[in-house]
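Here's the structure we're looking at; comments come further down.
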Amino acid sequence: MVTPKEKTGHPLRIYWAGLIAIFLVFLIAAGSCNLKNNAHSGRLPDGRLIGTVNHRSNMPFDSNQVASFYGSYPELNKYRKDLLEVYRQNRFMHIWYDSGGIVEFGQTLYSKIRELVVEGVSSKFPYQEKIDGVFENEKDNNLSQTETELMLTNLYLFYAEKVYKGLADTTTTAIGWLLPRKQVSFAALLDSVLPDRELFKRNDSVLFSQYYKLRDVLQQYREIEKKGGWKPIDAIPGKKGYKSGDTGRIILQVKERLLLTGELKHNNGSNLFDNDLMEAVKKFQARNGKTSTGMIGAELVREMNRPVGERISQIIVNMERCRWISPEFAKAKEFIVVNIPSFKLTFVRNGKTELESPVIVGSDVTKTVIFSGMLSYIVFSPYWNLPQSIISKEVRPGMAKNKNYLEKHNMEWNNGQVRQKPGKNNSLGLVKFIFPNSNDIYMHDTPAKSLFARETRAFSHGCIRVGKPRDLALTVLNDDPAWTTKRIDAAMRSGKEYTCVIKHKIPVYIGYFTAWVDRQGNLNFYNDIYQRDNRLASLLKEDK
């Protein structure tokens, strides 16, 4: 027989039973919101996990759930192959969880996704609302733990693709970018690079250092845009211009404009064209591919009046080009870079610029190809073997009009082809530089020296004419004692073709950058002579 006391239980038992019930309710409630609270607080039970993915996880998940996940979220299906590779390397253990919930690197990744605009990326993660639900308290999260795990890995792959890889190789090849593309292993990147907070901000082993320089100036130009940009400068009629000592309303406008972009350090508010303004104008001209005359003309005003939004787009497309470049190329002992829009060749050795030279590149009809090769030979006093197209269009009609056409142009027949003999009037000049390639493009001297004085130098049939060919030969061969300055000069003027094999082949990169931050930290803009920027900007907008 049970007494009333026995039915109700001892008061202490009731007390502990109540506490246990309350505790269980608390646990259930805490468990339901643990994911978001942990994501916001960054609380981790193991300090060694801070800023890292969870490589010591002993929390496996069923790999069969991958297929059903992509069935539910088909817009992420393109990441399936890379996701499986990531999890194979992690033995299909949870990456983003430990016993306390989502590890801190998950929050770091989410923050970076929210700031993609800083990276010049306008794409949006296809299921951003699902991710927001994981990290934002005020939004519903209806993902299971495994779905959350897989969603975060897809978020990482999305970020790595947009920021570290860029457009697909097939796309860049189709638009004429034939420089070798950087190879990115998303699994290796997750394992070794991204977990480090500082490397996540900047890592020169993953992204070409120029990328970060452009990223910095992108923020500066966005700040200018946020404040309203720059006011348009009045048009200058006809050929009228302004020089040092002149006065006028436009002088005030130009000072305001150059103060915004840093060429002018202080605006004294005077309408006098003073020496400070002249130096600022020269800097602007030099940084925009113009001859530094220090004078303000109609063309220069048009350049200054380009909207800040146009400049921002120009920076963004060049950041994208930087994503395709391997950071390793700049670490080579020596290399040669030709940037087509800047009409400039740069020779770098041991991290220092040994030589800069103006160049002439292909016209819009016969564009210089964007590719790379290895400088292997120097040909002194070269013959010029005329391409069949020039023989058909120029030589044969010339011969029909003048039977002495070949002799007049110092040419001769050679095994059924026409070639121009060596000499100072040879179209290749006194020396050419060979980096074997299927495009039949090389660098060479030219007798037409006056063309190097022009701002726009796109006149060739595709090859690259070098403004300082002798200096380039001396720089290339300066570590070869057999090739003294005297011998190089003699070989260039001997009138007899001679091929010098370079002992150590030198990488040559022919690139296309219309925005570039130089070693002094100055942002330079160049004209998009082949009209490539707008096409690339369109592709980036389509790549959502």
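Here, each number is a calculation from the coordinates, and none is a lab measurement. Owing to the predicted nature of the structure, the values given are computational and were not obtained by experimental measurement. Note that each Cβ is placed from the backbone with ideal geometry, even for glycine, and that neighbours are counted across all protein chains shown.
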- FRET efficiency for residue 140 and residue 522 from the Cβ-Cβ distance with R0 = 51 Å, rounded to 0.05, comes out at 0.55
- In debye, nearest 20, what is the charge dipole magnitude of region 37-205 about its Cα centre with +1 on Lys and Arg Cβ and -1 on Asp and Glu Cβ, if you could check? 440 debye
- Message: Using the Kirkwood radius over C-alpha pairs as Rh, can you work out the diffusion coefficient of region 390-544 via Stokes-Einstein at 25 °C, viscosity 0.890 mPa s, in µm² per second?
- Response: 128 µm²/s
- Compare the Cα positions of 437, 409, 250 along the charge dipole of the chain (+1 at Cβ of Lys, Arg; -1 at Cβ of Asp, Glu; about the Cα centre) and return the one farthest towards the positive end. 409
- Using every Cα-Cα pair within region 221-305, state what percent have a distance larger than 17 Å. 42 percent
- Would you mind checking 367/496; 367/468; 255/283; 424/503; 243/290; 333/424 for any pair whose Cα atoms are more than 24 angstrom apart? 367/496; 424/503; 333/424
- Message: Counting only pairs 8 or more residues apart or on different chains, how many lysine pairs in region 37-205 have their Cα atoms under 22 Å apart?
- Response: 28
- Item | Rough spin-label spacing in nm, given labels placed 7 Å along Cα→Cβ, for residue 67 and residue 413 | 7.3 nm
- Query: Counting other Cβ atoms within 10 Å of each Cβ, which trypsin sites (Lys or Arg not before Pro) in region 76-160 have at most 14 and sit in a DSSP loop?
  - Reply: 91, 124, 139
- Between residue 267 and residue 455, Cβ-based FRET efficiency (R0 41 Å, step 0.05) works out to 0.90
- Label-point separation in nm, residue 534 to residue 279, each point 7 Å along Cα→Cβ: 3.9 nm
- Query: Taking only the alpha-carbon positions of the chain and ignoring solvent, what does the Debye formula give for the base-10 log of I(q)/I(0) at q = 0.07 Å⁻¹?
  - Reply: -0.58
- Message: Kirkwood Rh over alpha-carbon pairs of region 379-436, then Stokes-Einstein at 25 °C and 0.890 mPa s: what D in µm² s⁻¹, rounded to an integer?
- Response: 205 µm²/s
- Note on the structure: For region 487-544, using Cα atoms only, the Rg and Dmax in Å read 20.3, 59
- For region 68-207, the Debye formula with one identical point scatterer on each Cα and no solvent gives log10 I(q)/I(0) at q = 0.10, 0.11, 0.20 Å⁻¹ as -0.35, -0.42, -1.44
- Dipole of the chain, positive end: most advanced residue of 530, 188, 142 [Cβ charges, Cα centre]: 530
- Item | R0 of 45 Å, Cβ-Cβ distance residue 544-residue 440: FRET efficiency to nearest 0.05 | 0.70
- Quick one: Karplus J couplings for region 430-440, per residue in order, coefficients 6.51, -1.76, 1.60, θ = phi - 60°, nearest Hz, x for Gly and Pro? 9, 6, 9, 10, 9, 10, x, 7, 6, 8, 6
